[in-house]
1. Only one residue in Ala54, Ala30, Ala78 is surrounded by 18 or more Cβ atoms within 10 Å (Cβ to Cβ) and either on the phi < 0 side of the Ramachandran plot or not polar (S, T, N, Q) (or both), so which one is that?
2. Being surrounded by fewer than 17 Cβ atoms within 10 Å (Cβ to Cβ) and touching a Ser or Thr at 6+ places or on another chain (Cβ under 8 Å) is the filter here, so list the residues in the stretch 57-74 that pass it.
3. For the structure I just gave you, tell me whether Pro99 is in a loop (DSSP other than H, G, I, E, B) and at pLDDT 80 or above.
4. Residue under question is Val84, and the condition is that it be in contact with a Pro (Cβ under 7 Å, 6 or more places away or on another chain), open to solvent by less than 60 Å² (accessible area, probe 1.4 Å) and among the hydrophobic types (A, V, I, L, M, F, W, C); does it hold?
5. Looking at Glu89, Glu136, Glu148, can you tell me which residue is acidic (Asp, Glu), more than 16 Å from Asp2 (Cβ to Cβ) and surrounded by 12 or more Cβ atoms within 10 Å (Cβ to Cβ)?
6. Output the residues belonging to the stretch 131-177 that are among the aliphatic types (A, V, I, L, M) and modelled with pLDDT of 75 or more.
7. Take Arg4 and tell me if it is among the basic types (Lys, Arg) and closer than 23 Å to Glu136 by Cβ.
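The values are calculated or read from the model by the stated rules, or taken from the named source; none is laboratory data. If you're wondering where the values come from, they're calculated on a predicted model, not measured in any experiment. Note: ideal-geometry Cβ built from the backbone for every residue, glycine included; neighbour counts use all protein chains shown. Remember, those area values only see protein heavy atoms, side chains included, never the ligands or the DNA or RNA. Shrake-Rupley method; radii C 1.70, N 1.55, O 1.52, S 1.80 Å.
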Amino acid sequence: TDGRSAAAELTRHLIEVHGHRRLSFVGEPAGSPDTTLRYEGFRDALREAGLDEAGEPLRYGLDVRSGALAARQVHESALPDALVCANDELAIGLLATLPGLGHRIPQDVAITGFDAQSLAAIASPRLTTVHQPVAELGARAAAGALGETLDARTVLPTRLVIRESCGCAADPEAITD
């Protein structure tokens, strides 16, 4: 998939639809090629809008516990308008921790993820994220591992899944994404 373009689309949504101007990226950009591309897409969208990052990325691993640690860090510093997370697990950790620290989502801070994991659809508020065709990605990886020749130029489509964590109204169809 094209994580860079997908992250840029997600970030543009926060800027253009919700008017956010202070956005931070959560995840270690040097941690993986996927996270690096998502961070680049985040920065592309900010640059297009003439905005600067609201500080350095919050450099955490890609798990729920790291999201909880990131929540404590943003609580103790200047809260940005929006947090663009490298994956859904980080975002879920933030969603689970920030309200206990006194912050309302999305009123005080919007939170987005990436991957469209099943927990994203039942989180409270439900998580805005980017859907990737994980089953097809896995099938192609397995085929390649079994020796099938694959076209290296194939890029599978992603899709923005808009839910309440960014500030949009509830979409009853989004729960099944």
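1. Checking each option against the conditions leaves just Ala54.
2. Residue satisfying the conditions is Arg72 alone.
3. No: the conditions fail for Pro99.
4. When the stated conditions are applied, Val84 does not pass them.
5. Step by step, each of Glu89, Glu136, Glu148 is checked, and only Glu89 is acidic (Asp, Glu), more than 16 Å from Asp2 (Cβ to Cβ) and surrounded by 12 or more Cβ atoms within 10 Å (Cβ to Cβ).
6. Correct list: Ala135, Ala139, Ala142, Ala145, Leu146, Val155, Leu156, Leu160, Val161, Ile162, Ala169.
7. yes
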